[in-house]
């Protein structure tokens, strides 16, 4: 098989995984070189209520593009759960709230970047202010805000 054919079949298989993840148990897509993703997962996995599959993805931009995550809201990992997309270091209580409330016009939640003090990004007692944003057909809006705290 030619290298081009191998690449095509690998991409097709990967696209199949992305497309079916919404219907199954939660699936986390992450860059294998990122350590904070698994730390975040340990903190929030109870909110998923199921075993989480972890996929080390070579092309995270392709995952985010396929899931319609706005570029300004992107972070290091993406989770598909209950028909929603969770992008980045979203706190467990906000995920649980989303899965319970099921708001209309919302495709997912995102914490842009990697704010210090967000779940999985703990550093001493310092927390940068950050927002949990919704995104989807209803646009973007603030779902929750977390104030800065601790010594800087």
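At a glance:
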item: So residue 69, is it closer than 16 Å to residue 26 by Cα and in contact with a strand residue (DSSP E or B) (Cβ under 8 Å, 6 or more places away or on another chain); result: no
item: Matching residues in the range 88-109 - criterion: being in contact with a helix residue (DSSP H, G or I) (Cβ under 6 Å, 6 or more places away or on another chain) and either assigned to a loop (DSSP other than H, G, I, E, B) or over 15 Å from residue 48 (Cβ atoms) (or both); result: 89
item: Residue within the range 56-68 that is surrounded by 17 or more Cβ atoms within 10 Å (Cβ to Cβ) and part of a loop (DSSP other than H, G, I, E, B) present; result: yes
item: Of all residues in the range 120-137 being closer than 19 Å to residue 80 by Cα and surrounded by fewer than 20 Cβ atoms within 10 Å (Cβ to Cβ), the one that is farthest from the chain's Cα centre (by Cα); result: 137
item: Single unsatisfied condition, residue 112 versus (1) in a loop (DSSP other than H, G, I, E, B); (2) modelled with pLDDT under 95; result: (2)
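The values are calculated or read from the model by the stated rules, or taken from the named source; none is laboratory data. In this text the structure is predicted, and so the values were computed from the model without any measurement. Cβ: placed from backbone, ideal geometry, glycine included. Neighbour counts: every protein chain shown.
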